[in-house]
1. Tell me which residues, restricted to region 291-320, are open to solvent by less than 10 Å² (accessible area, probe 1.4 Å), within 15 Å of residue 340 (Cα to Cα) and either of a type in the set (Ser, Thr, Tyr) or not in a loop (DSSP other than H, G, I, E, B) (or both).
2. All but one of (1) in contact with a Leu (Cβ under 7 Å, 6 or more places away or on another chain); (2) without any contact (Cβ under 8 Å) to a residue 60 or more places away in the chain; (3) among the polar types (S, T, N, Q) hold for residue 161; state the number of the condition that does not hold.
3. For region 401-422, state whether one or more residues are touching a strand residue (DSSP E or B) at 6+ places or on another chain (Cβ under 7 Å) and surrounded by fewer than 16 Cβ atoms within 10 Å (Cβ to Cβ).
4. Of these, 241, 250, which one is crowded, with 21+ Cβ neighbours inside 10 Å, at pLDDT 95 or above, closer than 30 Å to residue 77 by Cβ and not hydroxyl-bearing (Ser, Thr, Tyr)?
5. Of all the residues that make up region 331-383, how many are farther than 19 Å from residue 300 by Cα and either charged (D, E, K, R) or touching a His at 6+ places or on another chain (Cβ under 7 Å) (or both)?
6. Tell me, yes or no, whether region 324-342 has at least one residue that is under 18 Å from residue 130 (Cβ atoms), part of a loop (DSSP other than H, G, I, E, B) and out of contact with any strand residue (DSSP E or B) (no Cβ under 6 Å at 6 or more places or on another chain).
7. Within region 117-147, which residues are modelled with pLDDT of 95 or more and part of a loop (DSSP other than H, G, I, E, B)?
Amino acid sequence: MWFNVVKNTVLFPIIFGIVYVMVSCGNFSKKDEGGRETEAGRPMAENQQQTTNTQQPTITVGANQTEGYVPLLKGKRVGVVANQTSVIFKQPDKQIATTSTKSRNDGYVHLVDSLLSLKINVVNVFAPEHGFRGTADAGEHIKDGIDTKTGVPIISLYGDNKKPKPEQLKNMDVMLFDLQDVGVRFYTYISTLHYVMEACAEANIPLIILDRPNPNGQYIDGPILEMENKSFVGMHPIPVAHGMTIGEYANMINGEKWLKNGIQCELKVIPVKNYTHQMRYSLPIKPSPNLPNDKSINLYPSLCFFEGANVSVGRGTDKQFQVFGSPFLNKTKYTYTFTPQPNEGAKWPLYQGRVCYGMDLSKVKTLNGLDLSYLIHAYQATENQSEFFNAFFTKLAGTKKLQQQIEAGVSETDIKSSWQKGLERFKATRANYLLYK
């Protein structure tokens with residue numbers, strides 16, 4: 001049986017280099033010319049030019065620690081759960097982070113390409129929502145296929161086949177899992193993790209997780225999911241923002257025996273070096289088409305509730321999850337407008353070609369908890385409140401109570417107070433599985 005966590009590994013910089021991400025635990029907002037709070041995050045290339053005493057040690061993601069997992073793959077038939085974020089970073093002067101909708105690829109090599117160059121026998125690639133290259137719309141059915149670059153078979157784990165089938169695992173000896181998560185219950189990569197762990201446990205195939213930081217890991221917030229509302233956007237009794245990395249979350253799935261029939265997966269986590277949950281982490285590659293930058297990732301836990309209402313979150317614009325609006329919101333209260341049009345990640349956006357009235361949040365200060373004010377105010381300002389929520393809202397919230405509270409006019413303070421007992425119980429459980437402070 002493998003140890004659960006690998007520690008004190010030695011880097012292998014000659015082949016793969018090291019990932020360097022500049023982080024600071026100081027104030028992450030600044031005043032703009034109008035005196036408003038704005039995000040202080042910049043592309044990593046700019047951050048690397050700063051040399052202040054407040055900078056923390058650089059971090060190294062699991063994928064870069066090749067000496068910790070490549071020897072375990074030699075001579076084995078390997079399956080890889082991966083997408084566009086599954087990369088090994090090169091030397092720091094080559095690493096580029098971006099807040100644009102197109103990421104550069106000269107600062108890293110894809111994990112699958114790296115493994116194949118080392119003569120590792122990659123027999124299957126398993127792709128989560130948005131596909132192996134990360135270009136599919138949210139909810140879009142992903143088909144199996146062949147990667148045109150490598151010729152490796154790609155098996156979709158989104159759509160009808162969310163769990164690897166026994167016949168898809170029969171020619172495998174070990175599974176490697178490397179996805180950049182955003183630390184939110186309804187972001188489906190942790191649901192994919194659950195099903196991969198379950199399939200591996202049933203097939204007696206060990207699973208290696210290459211861990212990455214949680215960009216929303218500095219806080220824990222939201223209602224705890226009630227299991228009668230279990231779905232692919234929420235499978236476990238956790239809050240909306242859970243404050244864990246993929247590796248820590250896998251430990252919790254195992255330890256709490258959340259897999260079918262209480263089975264457990266043979267698990268090995270390659271942890272991130274020099275990382276704490278208090279660190280801000282700027283993602284070098286967008287984790288999905290509609291999370292293009294740090295601001296969208298920070299706002300996502302709060303704004304995704306609108307996906308369960310008749311309000312757009314900016315899909316079909318260049319400010320996805322940084323704006324919200326609807327043709328049905330009060331035009332005197334919401335003067336900001338946008339008109340969704342088809343674009344990458346939104347072939348058929350909500351309210352395509354229609355003017356939406358709402359708010360631009362792209363300059364608000366960084367959130368350190370869920371902000372329900374946008375949702376509450378939009379509900380109060382909609383033309384027909386009976387048509388505001390749809391059935392998907394309860395799945396996102398994980399409880400019927402949140403919709404009932406908003407409809408009853410309960411304040412945000414009182415709503416969040418009602419979560420506290422559940423959050424305290426979750427934090428006590430979470431503490432058993434943490435790999436980082």
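1. 312
2. Failed condition: (1).
3. Taking region 401-422 and keeping what is touching a strand residue (DSSP E or B) at 6+ places or on another chain (Cβ under 7 Å), we get 403.
Filter again for surrounded by fewer than 16 Cβ atoms within 10 Å (Cβ to Cβ), leaving none.
No, there is no match, as no residue in region 401-422 is touching a strand residue (DSSP E or B) at 6+ places or on another chain (Cβ under 7 Å) and surrounded by fewer than 16 Cβ atoms within 10 Å (Cβ to Cβ).
4. On the way: 241 fails: closer than 30 Å to residue 77 by Cβ.
The unique qualifying residue is 250.
5. 5
6. yes
7. Result: 118, 119, 120.
Rundown of residues vs (1) surrounded by fewer than 23 Cβ atoms within 10 Å (Cβ to Cβ); (2) in contact with a Pro (Cβ under 6 Å, 6 or more places away or on another chain); (3) without any contact (Cβ under 8 Å) to a residue 60 or more places away in the chain; (4) more than 23 Å from residue 301 (Cβ to Cβ), yes/no style:
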position	(1), (2), (3), (4)
183	no, no, no, no
186	no, no, no, no
198	yes, no, no, yes
209	no, no, no, no
212	no, no, no, no
218	yes, no, no, no
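The values are calculated or read from the model by the stated rules, or taken from the named source; none is laboratory data. Bear in mind that the values here come from a model prediction, so they are computed numbers and not experimental data. Please note: Cβ atoms are built from the backbone with ideal geometry, for glycine as well, and neighbour counts cover all protein chains shown. Side chains are part of the model used for accessible areas, which takes the heavy atoms of the whole protein and leaves out ligands, DNA and RNA. Shrake-Rupley method; radii C 1.70, N 1.55, O 1.52, S 1.80 Å.
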